[in-house]
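Okay, structure first, notes after.
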Amino acid sequence: MTAACSLDFLAAGKALDFELVSIDVEPPDGEPPIVEVGDTLLLSARGRGTGLLALFSYDRLLDATWRTSPSDLGSIEPLPQPPREDSTTPTRARLHGLGPGIASVRVSARRVTGILAVRVIPGVARIDLAPLARPVRVGDTVDVIGVASDADGRPIPQLPLRFQADSGLVDAGRVAVGIRVTAPDTGSFVITARFRRVTGSMVLRVTRRGPNESTSAARSAGAASRR
C-alpha cells in the first residue's frame, strides 16, 4: 500500500515538473460541510497536480489565499502556518457562521481555485425523535426519525444526524433522516440522535405480541425527549 505524503511544491515542484491543476476544500473526515450560526467549521485544502510527484503526494498549498461569499453568511479565518517540523498539515482555516444560507468558500493558489459550498444553519437547540406508530411488539421493525429544530422551535430540514441504538436492538439500516431497528425481545431501549454538541433521545418500549397481532414490516415509534 502506498501512503500519500506532502512536499513543499513551491520548491520541489519546479524541479519535478509538478503543475497544480485542482484544489480540494473539505471539512474534517466524516463531517458534513455544515456550520451553525455563531459556530465555526474547520476546513483544509490540498492541491492535486500533474507529473511524477503528483502520483505519491499532495500539495499543502501553504501559499493559498482563502475567501468566502456572501460576506453576510460567513467569514473566513486562515490559521497560522504549521511549524517547520510539520511536513504533512495542509493549509487550514475556520469558517465562522454568520447567517443562514449557502456560503461559498474559495481557496486559490497559482491561478487555480477550489470551491466548497457550506450550508450555514441556525443553531441547533434540540433534536426530537418522532413517533409515527405504536405500539411496538417483539419482532417489529421500527423506523425512528430525527427532527432537529432551532431555539424558536423551527425545524432544520435534511440535517445529517448520527444515530445510536441500545445493544438490545438490531440495527436494520438507515432511512432518509433516521434509523431502522428490529426489536427481538421485550424491554425499554434508548435510541439517540446527535448533531455536534446536541443530542436527543427516546425510549422505545417493546412488549409481547397478542395472539391476534401480526408482525409489522416497518413501523416508527417512540417517545420524543431531549437528553
Counting only strands (runs of 3 or more DSSP E) wholly inside the range 20-120, the ones holding at least 1 residues that are surrounded by 15 or more Cβ atoms within 10 Å (Cβ to Cβ) and among the aliphatic types (A, V, I, L, M) are 34-36, 40-50, 74-78, 91-97, 101-109
> Among the residues of the range 93-106, is any farther than 27 Å from LEU161 by Cβ and at pLDDT 95 or above?
Replying inline: yes
Filtering the range 43-60 down to residues that are at pLDDT below 95 and under 24 Å from the mean Cα position of the chain (by Cα) yields ARG46, GLY47, ARG48, TYR58, ARG60
Every listed condition ((1) closer than 30 Å to LEU41 by Cα; (2) at pLDDT 90 or above; (3) out of contact with any Gly (no Cβ under 6 Å at 6 or more places or on another chain)) holds for GLY173 save (2)
### Message
So, ALA130, is that one surrounded by 15 or more Cβ atoms within 10 Å (Cβ to Cβ) and of a type in the set (Gly, Ala, Ser) or not?
### Response
yes
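The values are calculated or read from the model by the stated rules, or taken from the named source; none is laboratory data. It should be emphasised that the depicted structure is a prediction, and the values quoted were computed from it without experimental measurement. Counting neighbours? That spans all protein chains shown, and the Cβs are built from the backbone with ideal geometry, glycine included.
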